[in-house]
Amino acid sequence: MSEEERISKILSTIRKIEESKQPVSIYFNQNSVPFSLAQYYRYRRILRKCGEEGLRDGRKDGNYTKMTERIKDYVITIVKDNRSIPSSQLQSKILNQFNVQISLSSLNNFRASASLTRLPAQKEEKYKRQKSGGGEILTSLSFFTNIIELYTKIIAEQVDIVRQSPSFKQNKELEKDNPDIRLHGKFTSEYNQLESVRENRFKSIDDKIEDKDFSAMNLFKMSEKTISRYNLALLCLPLVTSNGRSSRVNRVKGNDLSFLCGYNYKDASLNRYIQELKYLKVSDRLITATAKFWMDFWRNESEDGTYFVCYYIDGNTKALWSSNRCYKGRVTMLGRVMNCLENVFIHDGKGHPLYFQTFQGHADLG
């Protein structure tokens, strides 16, 4: 029986029932009807809602196609290999493999009954390649040896010491000098030309600290994580500059700091951090702690049972160009006696640098 014949038979049967003027139940008892009483009412609802088109058999489109055992085994195999596969893709695979259209609801019900519901796909981590020129070797060693942690700990302790000192609270009440010449808190050319400002510029740190408002320094607002990041940036300066000066950070190569230390610091930030460390007067503690750190480090790394106590002392004289009166000494690379600074280094018996100190003029090593 074709689809058109089937629909025509259903319509003619319904028409006969309505024209008989008998109750529907009596008509079904007295006559042979090709469908049940419940199906009759179902057809009536479909006709009122969708018309004759609603009587067409949709099973040929796969809406009510039952899943065979072969299809079930096929679905189980695919889903176990890939739990994140959506039912729409599974439907396409079944159609290509068996030429059968299974509804999405049937697939979802079967997956739920077999405990094979879809799981969200895991996001693959995307790794971004960075150019560092091997700088990560230095940063890795600095964290492996805990030298950065040592610097951060000492600076943080010194910050707490200064914060608890009487001068911290006293200097907090100091007013800014010459506020009428400043522009929104910034120094102007007129401010820098003042005689009092020019004289104060060359004073020692001990004299400047007396009038220094520590609470205005960024260092007292930093967390230990930020201090550690600044220290790592200073350690990486020779890698991102040609001469280790912070002023060269503003060039293209200086952008590598964002990879090496986690933030792309510029010259102004690093220079201000160094200046604030100067007011902390933490250099002596850092030098002493660094020397002790490397002595302990190389002693622990040495495989020898005994440690040969022998130290080498070496000096490096650098020219100091200034019109002010300074201590003088012989600068070998220039072949003249002039203003200078001398860096004195102390190495252990195996040549490892342990300690250094800077002196004004010639340092008498004797």
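Could you please give the count of residues in region 327-348 that are over 47 Å from the mean Cα position of the chain (by Cα) and part of a strand (DSSP E or B)? Explain how you work it out, then say what you get.
Step one: of region 327-348, the residues over 47 Å from the mean Cα position of the chain (by Cα) are 327-332, 334-339.
Keeping just the survivors that are part of a strand (DSSP E or B) gives 328-331, 336-339.
Qualifying residue count, region 327-348: 8.
Whether any residue in region 141-163 is closer than 24 Å to Leu234 by Cα, of a type in the set (Lys, Arg) and modelled with pLDDT under 85 is what I want to check.
No, every residue in region 141-163 fails to be closer than 24 Å to Leu234 by Cα, of a type in the set (Lys, Arg) and modelled with pLDDT under 85.
If a residue has to be of a type in the set (A, V, I, L, M), over 14 Å from Ala363 (Cα atoms) and surrounded by 11 or more Cβ atoms within 10 Å (Cβ to Cβ) to count, how many in region 320-336 make the cut?
We begin by selecting, within region 320-336, every residue of a type in the set (A, V, I, L, M); these are 320, 331, 333-334.
With over 14 Å from Ala363 (Cα atoms) added as a condition, the list becomes 320, 333-334.
Restricting the remaining residues to those that are surrounded by 11 or more Cβ atoms within 10 Å (Cβ to Cβ) gives 320, 334.
So the count comes out to 2.
If we scan region 113-132, do we find a residue that is part of a helix (DSSP H, G or I), more than 23 Å from the chain's Cα centre (by Cα) and modelled with pLDDT of 85 or more?
We begin by selecting, within region 113-132, every residue part of a helix (DSSP H, G or I); these are 113.
Going one step further and asking which of them are more than 23 Å from the chain's Cα centre (by Cα), we end up with 113.
The next check asks that each one be modelled with pLDDT of 85 or more; those that pass are 113.
Yes, the conditions are met somewhere in region 113-132.
For Cys261, which of the numbered conditions (1) in contact (Cβ under 8 Å) with a residue 60 or more places away in the chain; (2) closer than 30 Å to Ser167 by Cβ fails to hold?
Here Cys261 clears every test but (2).
As an exercise: evaluate Ser36 against (1) outside the structural domain of Phe98 (by TED's automatic domain parsing); (2) at pLDDT 85 or above; (3) surrounded by 11 or more Cβ atoms within 10 Å (Cβ to Cβ); (4) not charged (D, E, K, R) and give the number of the one condition it does not meet.
Among (1) outside the structural domain of Phe98 (by TED's automatic domain parsing); (2) at pLDDT 85 or above; (3) surrounded by 11 or more Cβ atoms within 10 Å (Cβ to Cβ); (4) not charged (D, E, K, R), Ser36 violates only (3).
Among Arg229, Arg330, which is the only one that is closer than 30 Å to Ser165 by Cβ, in contact (Cβ under 8 Å) with a residue 12 or more places away in the chain and charged (D, E, K, R)?
Numbers: Arg330 fails: closer than 30 Å to Ser165 by Cβ.
Just a single option satisfies the conditions, and that option is Arg229.
Report, ordered by the first and then the second residue, all pairs with beta carbons closer than 8 Å, sequence separation of six or more or different chains, a first member in region 45-56 that is within 17 Å of Glu4 (Cβ to Cβ) and without any contact (Cβ under 8 Å) to a residue 60 or more places away in the chain, and a second member that is aromatic (Phe, Trp, Tyr) and part of a helix (DSSP H, G or I).
Leu55/Tyr43
Being over 36 Å from the mean Cα position of the chain (by Cα) and either under 18 Å from Arg272 (Cβ atoms) or buried (at least 18 other Cβ atoms within 10 Å of the Cβ) (or both) is the requirement here; does Ile227 meet it? It would help to see each step written out before you state the result.
Numbers: over 36 Å from the mean Cα position of the chain (by Cα): no; either under 18 Å from Arg272 (Cβ atoms) or buried (at least 18 other Cβ atoms within 10 Å of the Cβ) (or both): yes.
For Ile227, the condition - over 36 Å from the mean Cα position of the chain (by Cα) and either under 18 Å from Arg272 (Cβ atoms) or buried (at least 18 other Cβ atoms within 10 Å of the Cβ) (or both) - is not met.
The values are calculated or read from the model by the stated rules, or taken from the named source; none is laboratory data. Keep in mind it's a predicted model, so treat the numbers as computed, not measured. Positions of Cβ are backbone-derived with ideal geometry, glycine not excepted, and every protein chain shown enters the neighbour counts.
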